[in-house]
Amino acid sequence: MSQKPSKIHPHEICIKIISEDDDLSKFTSYEKELVDFLQEDALNNQQQKLSVTFLWYYKKQLAGYVSLLNDKINLEGNLKEFFREKDIHYKSLPALKIGRLCTDDKFLKRGLGRLMVQFAIQQANETNNKRAGCRFITLDAKRNLKKELDSIHFYKRMGFNILKERKKGTTPMYLDLKLPNN
Ligand SMILES: CC(C)(COP(=O)(O)OP(=O)(O)OC[C@H]1O[C@@H](n2cnc3c(N)ncnc32)[C@H](O)[C@@H]1OP(=O)(O)O)[C@@H](O)C(=O)NCCC(=O)NCCS
């Protein structure tokens with residue numbers, strides 16, 4: 001029987017914002033598009049003020065990254081009704097978007113993905129406490145035909161709901177920060 005890899009603890013992680021000094025060349029993922037984004041677009045997008053990319057180092061190895069940007073959700077259907085009942089009648093509400101999130105293949109299933117989602121929630125809550133309103137975390141979950149590689153199941157486990165049903169490509173999802181435990 002193969003042993004389960006040990007979980008990574010937050011104190012073993014060093015988080016830094018991407019810069020020219022980082023060597024991104026050894027980062028690998030079964031989702032090639034997420035490697036390409038990191039190596040080709042993440043720094044440029046940051047310089048253009050489109051997103052901020054946080055690199056997660058474990059024992060000096062780049063083990064994961066998460067890119068964040070501002071977003072909004074247009075209220076439609078059930079979500080619109082939900083807020084109407086609370087006497088909230090805006091057409092859209094503010095959000096923080098996880099633009100990209102990826103764990104290096106060598107570090108999968110060791111708790112890093114969960115820690116990076118919790119980090120995004122923490123950033124949004126800090127924004128709420130000190131700077132500007134932010135009701136949701138949003139993202140577009142990358143779909144994969146293999147269930148064990150399909151990120152929608154990971155995000156559902158993290159408490160996210162589907163915003164719009166789509167079978168292929170990406171599925172928009174959201175987390176309501178006003179719900180208990182968020
Ligand atoms: C999805 C992804 C981020 C998960 O990262 P990870 O570091 O392996 O996740 P964790 O180890 O923190 O997993 C947290 C929990 O979710 C579960 N989980 C992880 N991936 C899962 C999947 N694809 N389906 C179902 N559950 C999953 C884990 O088993 C774990 O459960 P547990 O808490 O009961 O032990 C990673 O597979 C990845 O980077 N995929 C490629 C890129 C991608 O699809 N990114 C998301 C779209 S932008």
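The values are calculated or read from the model by the stated rules, or taken from the named source; none is laboratory data. Note that the structure is predicted; figures quoted are calculated from it, not measured. Please note: Cβ atoms are built from the backbone with ideal geometry, for glycine as well, and neighbour counts cover all protein chains shown.
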(message) Would you confirm, using the coordinates I've provided, whether residue 27 is out of contact with any Leu (no Cβ under 6 Å at 6 or more places or on another chain), surrounded by 11 or more Cβ atoms within 10 Å (Cβ to Cβ) and at pLDDT 95 or above?
(response) no
(message) Name the residue that is farthest from the ligand (Cβ to nearest atom), counting only residues in segment 127-143 that are assigned to a strand (DSSP E or B) and modelled with pLDDT of 95 or more.
(response) 136
(message) Can you pull out every residue in segment 148-182 that is surrounded by 15 or more Cβ atoms within 10 Å (Cβ to Cβ), among the charged types (D, E, K, R) and away from the ligand (no atom under 14 Å from the Cβ)?
(response) 176
(request) Could you check, for segment 10-22, whether at least one of its residues is in a helix (DSSP H, G or I) and without any contact (Cβ under 8 Å) to a residue 60 or more places away in the chain? (result) yes
(request) Kindly indicate whether any position in segment 86-106 is over 23 Å from residue 175 (Cβ atoms), of a type in the set (Lys, Arg) and assigned to a loop (DSSP other than H, G, I, E, B). (result) no
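Just the residues that are within 14 Å of the ligand (Cβ to nearest atom) and either among the hydrophobic types (A, V, I, L, M, F, W, C) or buried (at least 16 other Cβ atoms within 10 Å of the Cβ) (or both), please, taken from segment 32-53.
Answer for segment 32-53, where residues must be within 14 Å of the ligand (Cβ to nearest atom) and either among the hydrophobic types (A, V, I, L, M, F, W, C) or buried (at least 16 other Cβ atoms within 10 Å of the Cβ) (or both): 34, 35, 37, 38, 41, 42, 51, 53.
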(message) Looking only at segment 102-119, how many residues end up being under 16 Å from residue 160 (Cβ atoms), surrounded by fewer than 19 Cβ atoms within 10 Å (Cβ to Cβ) and within 8 Å of the ligand (Cβ to nearest atom)?
(response) 1
(request) Being buried (at least 18 other Cβ atoms within 10 Å of the Cβ) and more than 16 Å from the ligand (Cβ to nearest atom) narrows it down to one of 95, 124, so name that one. (result) 124
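For every residue, the table says whether it meets (1) without any contact (Cβ under 8 Å) to a residue 60 or more places away in the chain; (2) closer than 21 Å to residue 38 by Cβ; (3) touching a Pro at 6+ places or on another chain (Cβ under 7 Å).
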site	(1), (2), (3)
93	yes, no, no
100	no, yes, no
115	no, yes, yes
159	yes, no, no
